[in-house]
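Below is one structure, written out as structure tokens; comments come after it.
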Amino acid sequence: MSLFSKYFIKMCTKSDTARDAGLTTPPEIERFNDIQYGSDPKWHLLDVYRPKAQSGKLPVIVSFHGGGWVYGNKEVYQFYCMDLAKRGFAVVNYTYRLAPNFRHPAPIEDTNLVFGWLLENAEKYGFDTDNIFAVGDSAGATGIAVYACILTNKDYAENYSFTVPEGLKIKALGLNCGIYNISENDNFKLWYDYLPRHKFSEYKEQLCVRDIVTADFPPSYIMAANMDELNVQSPLLAEKLEQLGVKYVYKVYGDEKAPVYHVFHCNIRSPEAAVCNDEECAFFREYIK
């Protein structure tokens, strides 16, 4: 692992620990913890969160966590995901294999396992499989967008050895503070830990979301933060979806009086996060069958 990645992990751990200090499971949330969705008992684990007041099948959100491919797990994202569940969704919050021990396409393969698990366990956990949504932030936004391209671009899907679950359709996406054109992202240090060196250029092209989306890409809520250095990435995807005729909302949060930063929406104590998460979930509801 590079020194940069070690520093990145240290800073993220410090920041996220401070962000969530003192938070506990909301009393209105029922949670199912540490469910194994694949063969690896360390990495292939997920949680399911549901609002206690709502029984039966619920629309479901799958969360692909961020962390530059080298950091993060479901524990880091539990409070954000439970906050989404309070808005009337079942939420699947999963851990996936991280770089540099596991490189591309390991997280994408794990994501495919999660969606397969979701379909197979829909009855047990009350998932409405006609209304599946997904969110991702930072690297997670890139990752879930790539997975959506696998579902909607047959030529692109041939780059991967796995088969997607039969009948799976993601109704809409929440893409938060993501990277959609690697060539215009100056911070390549984390990518060097994630992408195999012998195929770096090839995989870099494969992960350039802007170039692989098609007209069949899911409707998307594309969110950026006004003080995020990655906010130049979001309009690149919005412009491409506009050209393709894909429905989308593109919104930059924050202003001079109330600036917000990268993945601010994960801080559930923040009023700006509450507005963003409300609006993103409202976007999803527009597509509930």
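Quick notes on this one:
- When you count the other C-beta atoms within 10 angstrom of each residue and take the mean per peptide, 231-242, 143-154 line up highest first as 143-154, 231-242.
- Peptides 164-170, 76-82, 111-117 ranked from most to least packed by the mean count of surrounding Cβ atoms within 10 Å: 76-82, 111-117, 164-170.
- Membrane-span-like helices of the chain, defined as complete DSSP H segments with a Cα extent of 18 Å or more along the helix axis and a mean Kyte hydropathy of at least -1.0, are identified as 3-20, 106-120, 139-152, 271-285.
- Peptides 95-101, 30-36, 214-220 ranked from most to least packed, by the mean per-residue count of other Cβ atoms within 10 Å: 95-101, 214-220, 30-36.
- Based on Cα contacts under 8 Å between residues 6+ apart, the chain shows a relative contact order of 17 percent.
- Think of the chain as having a plus end and a minus end, set by charges on the Cβ of Lys, Arg, Asp and Glu; of PRO165, CYS276, TYR80, TYR80 sits farthest toward the positive end of this dipole.
- For the set LYS257/LYS289; LYS86/LYS247; LYS6/LYS124; LYS124/LYS204; LYS169/LYS251; LYS6/LYS204, the pairs lying more than 29 angstrom apart at their alpha carbons are LYS257/LYS289; LYS6/LYS124; LYS124/LYS204.
- Label assignment, Cα Rg over 2.2 N^0.38 Å derived from the structure, set (1) 1.17; (2) 0.98; (3) 0.92: (3)
- Sorting VAL275, VAL135, VAL60 from the fewest to the most surrounding beta carbons within 10 angstrom yields VAL275, VAL60, VAL135.
- Hits among aspartates and glutamates - C-alpha to C-alpha of LYS42 under 17 Å, sequence gap 8 or more where chains match: ASP34, GLU75, GLU109, ASP110
- Among beta bridges from DSSP that stay inside the range 3-285, the antiparallel ones total about 30%.
Every number here is computed from the coordinates shown, using simple stated rules; none is lab data. Fair warning: this is a prediction, and the values are worked out from it, not measured in the lab. Neighbour counts are summed over all protein chains in view; Cβ atoms, including those assigned to glycine, are modelled from backbone coordinates with ideal geometry.
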